[in-house]
Amino acid sequence: LFAVAVRGSEGLYMVNGPPSFTESTAFQRDSGKNCKAVAFSKDGSLFAWCNGEKVNVVNITRAELLRSFDLPKTVCLEFSPKNNVLATWQAYATAKDGTAGVPNLQLHDLRTGKCLKSFMQKKMQNWCPCWADDESICARNVNNEVHFFENNDFNTIANKLHLQKVSDFVLSPGPQPTKVAVYVPGSKGAPSFVRLYQYPNFGGPQSALANKSFFKADKVTMLWNKKATAVLVVASTEVDKSGASYYGEQTLHYVGAGGESAVVQLPKNGPIYDVAWSPNSVEFCAVYGFMPAKATVFNLKCDPVFDFGTGPRNAAYYSPHGHILVLAGFGNLRGQMEVWDVKNYRLISKPVASDSTYFAWCPDGEHIVTATCAPRLRVGNGYKIWHYTGSVLHSYEVPCSEEMWQVFWQPFPDGVFPERAVRYQAVPGELPRAEPRPAQAYRPPALRNKPGPSSKLHEDEPPQNMKPQVGGTDRPLSKTALKNQRKHEAKKAAKQEAKADAHQGPAQVKPPQNALQNTVPAMTTGDPEVDKKIKNLKKKLKAIEQLKEQAAAGKQLEKNQVEKIQKEAALLKELEDLELGV
């Protein structure tokens, strides 16, 4: 049985997950109003919190207090992956006479209760040391170099990674060997770069597994996939010098552990709101572009696999098993969610979680929690537990005078919950499904109750398999059906062209090819990149046709113009291949 932990002005408590939603007896409610820090262990068996007096650690499965530490000012907590160490951080403070303060980052041995090591850690950002999943390595950034410790021996620095100024680093997940992604910001006209290393091979420039350098980066976010074969790097600047975006400028880069790297070409300009790896490690989803934002799934070659069209969204969340993807619009958007079956690219449900500040998948891959928490929003605090088919199974809203600060699921190890077949029929919910009323545009009193033109600022682009088909059917098509349809349309167009040629008498002059193409309605493949290539090829062929007409009229052509005409056959072949979807 799994639980949801809730922290707020009503205290700290746990609620059992579906189907009971009763308060958990495995954890005794702490009714204090000063709970600032909470953390589950990676496997969900241990839970730690600071109530303003002590840091307590309990074993959830046995419902017993494991350890208690006298650290009342703790504001951050973290367990090591195998529950051997508890890291605590409190705000750094200098002494009254201006001398250096006391070490504020402590690492505690949970078996003995002893403090293994204390460090000075002034910044709250990236305060916690990073462990490999088997705890054989632990690393922390100290004065722009990365220090590595082995087997939780924090008195000996086993290794150092020293580049000119390491700003950030991320250890790879999964089994050994551990890889390290490091980011070094550019300076004095030199580019920023991200490098991948395999621990402990840090000697010299040739030891790097991969390197990707780029300009336009004030900060980066590095995301390893689950299998540790690649890193996605979102590089962003604080200011967009073109003035097009309030959010600065972002670019998305792909860096493979085998040395390959690429810039991910995003078909729509604008901010990159979110990037998420699929748990299968071979696909990732990006949400990007000026509103309404586009969402696209890419493969490891950075080619688009599926385009979700445009909509009010700024976040993407894969389920723990990777079979379902939620695209959502939170923050300054209205909370619309799209729940997709990503194996068949079929829309399951479109629930709305208004005013949500938090979203998380339950480890079972079936349930979702959304919450409205302070200080992001001070009113209407509470949480809802949903089934992904759109049903609200449980809802709680705090009284007006109270606040809710944090809601999160108890984690579980991978493999505890098996993947279940995707359901499309909504499961029964405790609460009736509230259909959101569409927002009406303002109309002056004189025009109300009269028929008027319905105007939208923009039309949302539908997902690629829901675009209206030529035959008038709106039914979503599978990938194979889409490809077959493109081939069929191309063959049909070719037959019509052949018939047109056959009907013309021998005395008639054959119209130029581009004139024929202009009479056939423009055909789209469903892939914006391919459509763009086809358009460019047709433009080149039109230019060649014009050059041939000029030559026939007796005009002397330049050498480069003659070379252009010689390329006509190759361009026609390339165009034919693209239109057939080869």
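The values are calculated or read from the model by the stated rules, or taken from the named source; none is laboratory data. These figures come from a predicted structure and were not determined experimentally. In this analysis, Cβ positions are derived from the backbone assuming ideal geometry, glycine residues included, and neighbour counts consider all displayed protein chains. Quick note on the areas: whole protein, heavy atoms, side chains included, nothing else; ligands and nucleic acids left out. Shrake-Rupley method; radii C 1.70, N 1.55, O 1.52, S 1.80 Å.
Right, Trp277: modelled with pLDDT of 90 or more and in the same structural domain as Phe169 (by the TED database) or not?
No: the conditions fail for Trp277.
Is it true that some residue in the stretch 167-175 is assigned by the TED database to the domain that holds Ala235, at pLDDT below 90, within 19 Å of Thr251 (Cβ to Cβ) and charged (D, E, K, R)?
There is at least one residue in the stretch 167-175 that is assigned by the TED database to the domain that holds Ala235, at pLDDT below 90, within 19 Å of Thr251 (Cβ to Cβ) and charged (D, E, K, R).
What is the one condition in (1) in a loop (DSSP other than H, G, I, E, B); (2) among the charged types (D, E, K, R); (3) out of contact with any Leu (no Cβ under 8 Å at 6 or more places or on another chain); (4) over 30 Å from Asn465 (Cα atoms) that Arg420 does not satisfy?
(4)
Of all residues in the stretch 332-358, count the ones that are open to solvent by less than 10 Å² (accessible area, probe 1.4 Å) and of a type in the set (Val, Ile, Thr).
Within the stretch 332-358, residues that are open to solvent by less than 10 Å² (accessible area, probe 1.4 Å) and of a type in the set (Val, Ile, Thr) number 1.
Give the stretch 529-563 a look and list any residue that's open to solvent by 40 Å² or more (accessible area, probe 1.4 Å), more than 21 Å from His488 (Cα to Cα) and touching a residue at least 24 places away in the same chain (Cβ under 8 Å), or say none.
Lys540, Lys542, Glu549 - these are the residues of the stretch 529-563 that are open to solvent by 40 Å² or more (accessible area, probe 1.4 Å), more than 21 Å from His488 (Cα to Cα) and touching a residue at least 24 places away in the same chain (Cβ under 8 Å).
Which count do you get for residues in the stretch 359-417 that are open to solvent by less than 20 Å² (accessible area, probe 1.4 Å), out of contact with any Phe, Trp or Tyr (no Cβ under 8 Å at 6 or more places or on another chain) and part of a strand (DSSP E or B)?
So the count comes out to 2.
Inside the stretch 156-211, counting only strands (runs of 3 or more DSSP E) that do not spill past its ends, which hold 1 or more residues that are without any contact (Cβ under 8 Å) to a residue 40 or more places away in the chain, surrounded by 20 or more Cβ atoms within 10 Å (Cβ to Cβ) and of a type in the set (D, E, K, R)?
192-198
Across the stretch 133-155, what is the total count of residues that are at positive phi and surrounded by 15 or more Cβ atoms within 10 Å (Cβ to Cβ)?
Looking only at that region, the number is 2.
Condition check ((1) closer than 30 Å to Gly429 by Cα; (2) of a type in the set (Lys, Arg); (3) open to solvent by less than 50 Å² (accessible area, probe 1.4 Å)) across all residues:
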residue	(1), (2), (3)
Leu12	yes, no, yes
Arg29	yes, yes, no
Lys33	no, yes, no
Asn59	no, no, yes
Leu66	no, no, no
Leu71	no, no, yes
Glu78	no, no, no
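Kindly indicate whether Gln121 is open to solvent by less than 40 Å² (accessible area, probe 1.4 Å) and not in a strand (DSSP E or B).
For Gln121, the condition - open to solvent by less than 40 Å² (accessible area, probe 1.4 Å) and not in a strand (DSSP E or B) - is met.
With respect to Glu135, is the statement that it is under 31 Å from the mean Cα position of the chain (by Cα), within 29 Å of Ala26 (Cβ to Cβ) and of a type in the set (D, E, K, R) true?
Answer is yes for this residue.
Kindly list, by first and then second residue, each pair from a residue in the stretch 389-401 that is touching a residue at least 40 places away in the same chain (Cβ under 8 Å) to a residue that is in a loop (DSSP other than H, G, I, E, B) and open to solvent by 50 Å² or more (accessible area, probe 1.4 Å), limited to pairs with Cβ atoms under 6 Å and residues at least 6 apart or on different chains.
Thr389/Arg423; Val392/Leu431; Leu393/Glu430
Looking at this structure, is Asp133 part of a loop (DSSP other than H, G, I, E, B) and touching a Pro at 6+ places or on another chain (Cβ under 9 Å)?
Yes.
Looking only at the stretch 136-155, count how many residues are assigned to a loop (DSSP other than H, G, I, E, B) and closer than 16 Å to Val85 by Cβ.
The initial filter retains those residues of the stretch 136-155 that are assigned to a loop (DSSP other than H, G, I, E, B), namely 136, 143-144, 151-155.
Cutting the leftovers down to closer than 16 Å to Val85 by Cβ gives us 136, 151-155.
Total satisfying the criteria: 6.
Restricting to the stretch 35-57, name every residue that is acidic (Asp, Glu) and buried (at least 16 other Cβ atoms within 10 Å of the Cβ). Give the derivation first.
Taking the stretch 35-57 as the starting set, the residues that turn out to be acidic (Asp, Glu) are 43, 53.
Of everything in the stretch 35-57, just one residue is acidic (Asp, Glu) and buried (at least 16 other Cβ atoms within 10 Å of the Cβ), namely Asp43.
Out of the residues in the stretch 254-272 that are open to solvent by 60 Å² or more (accessible area, probe 1.4 Å) and without any contact (Cβ under 8 Å) to a residue 60 or more places away in the chain, state the one that is farthest from Val297 (Cα to Cα). Walk me through how you get there before you give the answer.
Kept after step one, since they are open to solvent by 60 Å² or more (accessible area, probe 1.4 Å), are these residues of the stretch 254-272: 258, 260, 263, 265, 269.
Checking which are without any contact (Cβ under 8 Å) to a residue 60 or more places away in the chain leaves us with 258, 260, 263, 269.
Numbers: Gly258: 22, Glu260: 19, Val263: 15, Asn269: 17 Å.
This residue is Gly258.
Residues are listed down the side, and each one gets a yes or a no for (1) at pLDDT 90 or above; (2) in a strand (DSSP E or B); (3) more than 14 Å from the chain's Cα centre (by Cα); (4) acidic (Asp, Glu):
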position	(1), (2), (3), (4)
Ala286	yes, yes, no, no
Val297	yes, yes, no, no
Pro320	yes, no, no, no
Val326	yes, yes, no, no
Leu347	yes, yes, yes, no
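For the stretch 230-241, does any single residue satisfy the condition of being surrounded by 21 or more Cβ atoms within 10 Å (Cβ to Cβ) and at pLDDT below 90?
So far as the stretch 230-241 goes, yes, one or more of its residues are surrounded by 21 or more Cβ atoms within 10 Å (Cβ to Cβ) and at pLDDT below 90.
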